[in-house]
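Read through the structure below, which is laid out as structure tokens, and then see the notes.
The values are calculated or read from the model by the stated rules, or taken from the named source; none is laboratory data. Owing to the predicted nature of the structure, the values given are computational and were not obtained by experimental measurement. Virtual Cβ from ideal backbone geometry, glycine too; neighbours counted across all protein chains shown. Side chains are part of the model used for accessible areas, which takes the heavy atoms of the whole protein and leaves out ligands, DNA and RNA. Shrake-Rupley method; radii C 1.70, N 1.55, O 1.52, S 1.80 Å.
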Amino acid sequence: MRIDVLTIFPEYLAPLDLSLVGKARSVGLLDVRVHDLRSWTTDRHRTVDDTPFGGGAGMVMRPDVWGSALDDVLGLGRAGDAEAAPDGVAPAHLLIPTPSGTPFDQRTAEALAGEGHLVIACGRYEGIDARVAEHYRQVGAEHGGVSVTEFSLGDYVLNGGEVAALVLIEAVARLLPGVVGNPDSLVEESHGSSGLLEYGVYTKPPTWRGREVPDVLLSGHHARIERWRRDESLRRTAERRPEILERADPAELDAADRDLLSSWGWDVGADGLRRPRVTEGDPSPR
Ligand code: ADE
């Protein structure tokens, strides 16, 4: 997989040399190239932003600079000219981090891990002129080869897209074949295929500051351990992220899951799950 990152702070992406992503790059599983957006400026001051039309606080990133940079990195020929987009260029996915994007989640990471070329455009200030995303969406629709996703990490505001680029790259890279040493560790983690949160994990020593590891985990009884872990996943998800269970497919639940959820006051119907209505004095699900 190839990933290009465009930013005015290339140094911000230095962590991509470390750990699993760094290793994946060094063995050639992942080709990450970080570009300084200012290389595409043409004025003495290397200007990338200007004041917003319509007024308001802050600065907006200029579409002409972004257009030149993205045409080059996407391999689209002449700057800003949709007609110059050659048919049949290598399919690239332009990703624009922004707090007004669609939520980035594990399913997004899985879909992106199946692609060949990602280009991440990191905005700063008040963001990138809205015509940039519009333009490349249209190029993609008319000529193919480019798709555009504006994505958000969550409902909070960062100073720019660099941290979001780091998050996306790490979440995607660890799904590429060969990047994570033991692929089994991808199977049961939070937001994995079951969609549930992961159960708590324990290691030695078996007693620490008076706290014991749950007996069942020391029992060697695989079926009971599996059941305990499933119960813990359900309990954590019900407590911490009930909306995940409400979106779940009831057909994915076994009889023990249903009994457990019902015992916590959940309504488990064929058409879906509904969390208990909280009335004052109700115990939390535990
Ligand atoms: N840029 C600024 N805030 C962001 C967020 N929440 N997600 C993605 N990119 C951002």
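Of (1) open to solvent by 30 Å² or more (accessible area, probe 1.4 Å); (2) farther than 25 Å from Pro52 by Cβ; (3) assigned by TED's automatic domain parsing to the domain that holds His117; (4) away from the ligand (no atom under 16 Å from the Cβ), Ser194 satisfies all except one. Which?
(3)
Might you let me know whether the stretch 37-56 holds any residue that is in the same structural domain as Glu162 (by TED's automatic domain parsing), in a helix (DSSP H, G or I) and of a type in the set (A, V, I, L, M, F, W, C)? Show your work before the answer.
Step one: list which residues in the stretch 37-56 are in the same structural domain as Glu162 (by TED's automatic domain parsing), which gives 37-56.
After this cut, where a residue has to be in a helix (DSSP H, G or I) as well, the list is 37-40.
Subset that is of a type in the set (A, V, I, L, M, F, W, C): 37, 40.
Checked the stretch 37-56: at least one residue is in the same structural domain as Glu162 (by TED's automatic domain parsing), in a helix (DSSP H, G or I) and of a type in the set (A, V, I, L, M, F, W, C).
Please go through (1) farther than 22 Å from Val148 by Cα; (2) open to solvent by 80 Å² or more (accessible area, probe 1.4 Å); (3) assigned to a helix (DSSP H, G or I) for Asp72 and return the number of the only condition it doesn't satisfy.
In the conditions (1) farther than 22 Å from Val148 by Cα; (2) open to solvent by 80 Å² or more (accessible area, probe 1.4 Å); (3) assigned to a helix (DSSP H, G or I), Asp72 misses (1) alone.
Residues of the stretch 155-179 being assigned to a loop (DSSP other than H, G, I, E, B) and either open to solvent by less than 20 Å² (accessible area, probe 1.4 Å) or not assigned by TED's automatic domain parsing to the domain that holds Trp66 (or both), which ones?
Gly161, Leu176, Val179
What number of residues within the stretch 26-37 satisfy the criterion of being among the β-branched types (Val, Ile, Thr) and surrounded by 15 or more Cβ atoms within 10 Å (Cβ to Cβ)? Talk me through it step by step, then tell me what you get.
Let us first name the residues in the stretch 26-37 that are among the β-branched types (Val, Ile, Thr), namely 27, 32, 34.
Subsequent filtering for residues that are surrounded by 15 or more Cβ atoms within 10 Å (Cβ to Cβ) retains 32, 34.
Total meeting the criteria: 2.
Restricting attention to the stretch 122-160, which residues are of a type in the set (A, V, I, L, M, F, W, C) and under 15 Å from Gly75 (Cβ atoms)? Show your work before the answer.
At the first step, the residues of the stretch 122-160 found to be of a type in the set (A, V, I, L, M, F, W, C) are 122, 128, 130, 132-133, 139, 141, 146, 148, 151, 153, 157-158.
Result: Val139, Val146.
Output the residues belonging to the stretch 1-19 that are modelled with pLDDT of 95 or more and open to solvent by 50 Å² or more (accessible area, probe 1.4 Å). Give the steps one after another, and end with the answer.
Let us first name the residues in the stretch 1-19 that are modelled with pLDDT of 95 or more, namely 1-18.
Those that are modelled with pLDDT of 95 or more and open to solvent by 50 Å² or more (accessible area, probe 1.4 Å): Arg2, Phe9, Glu11, Tyr12, Ala14, Pro15, Asp17, Leu18.
Condition (residue is open to solvent by 30 Å² or more (accessible area, probe 1.4 Å) and at pLDDT below 95) applied to the stretch 91-102: is it met by at least one residue?
Yes.
Just give me the residues in the stretch 142-154 being more than 6 Å from the ligand (Cβ to nearest atom), touching a strand residue (DSSP E or B) at 6+ places or on another chain (Cβ under 9 Å) and either among the aliphatic types (A, V, I, L, M) or open to solvent by 40 Å² or more (accessible area, probe 1.4 Å) (or both), in sequence order.
The first filter runs over the stretch 142-154 and keeps only residues more than 6 Å from the ligand (Cβ to nearest atom), leaving 142-151.
Retained after the next criterion (residues that are touching a strand residue (DSSP E or B) at 6+ places or on another chain (Cβ under 9 Å)): 145-151.
The answer is Val146, Ser147, Val148, Glu150.
Which ones in the stretch 38-61 are in contact (Cβ under 8 Å) with a residue 40 or more places away in the chain and surrounded by 18 or more Cβ atoms within 10 Å (Cβ to Cβ)?
Val48, Asp49, Val60, Met61, listed by residue number.
Scan the stretch 228-254 residue by residue and report those that are open to solvent by 70 Å² or more (accessible area, probe 1.4 Å) and part of a helix (DSSP H, G or I).
Arg229, Glu239, Arg240, Arg247, Ala251, Glu252
Determine which member of the set Ser190, Ser185 is at pLDDT below 95 and not in a loop (DSSP other than H, G, I, E, B). First the steps, then the outcome.
Details: Ser190 fails: not in a loop (DSSP other than H, G, I, E, B).
So the residue among Ser190, Ser185 that is at pLDDT below 95 and not in a loop (DSSP other than H, G, I, E, B) is Ser185.
Considering only the stretch 206-227, how many residues are surrounded by 10 or more Cβ atoms within 10 Å (Cβ to Cβ) and either at pLDDT below 95 or part of a loop (DSSP other than H, G, I, E, B) (or both)? Show your work before the answer.
Looking only at the stretch 206-227, we keep the residues that are surrounded by 10 or more Cβ atoms within 10 Å (Cβ to Cβ), and these are 206, 208, 212-219, 221, 224-227.
After this cut, where a residue has to be either at pLDDT below 95 or part of a loop (DSSP other than H, G, I, E, B) (or both) as well, the list is 206, 213-214, 219, 221.
The number of residues fulfilling the criteria is 5.
Can you name the condition, by its number, that Arg258 falls short on among (1) more than 28 Å from Pro103 (Cα to Cα); (2) surrounded by fewer than 13 Cβ atoms within 10 Å (Cβ to Cβ)?
All conditions pass for Arg258, except number (2).
Listed residues Arg124, Arg78, Arg38; which is at pLDDT 95 or above and basic (Lys, Arg)?
Working: Arg124 fails: at pLDDT 95 or above; Arg78 fails: at pLDDT 95 or above.
Exactly one of Arg124, Arg78, Arg38 is at pLDDT 95 or above and basic (Lys, Arg), namely Arg38.
Looking at Thr203, is it of a type in the set (Ser, Thr, Tyr) and loosely packed, with under 15 Cβ neighbours inside 10 Å?
Here the answer is yes, as Thr203 does meet what is asked.
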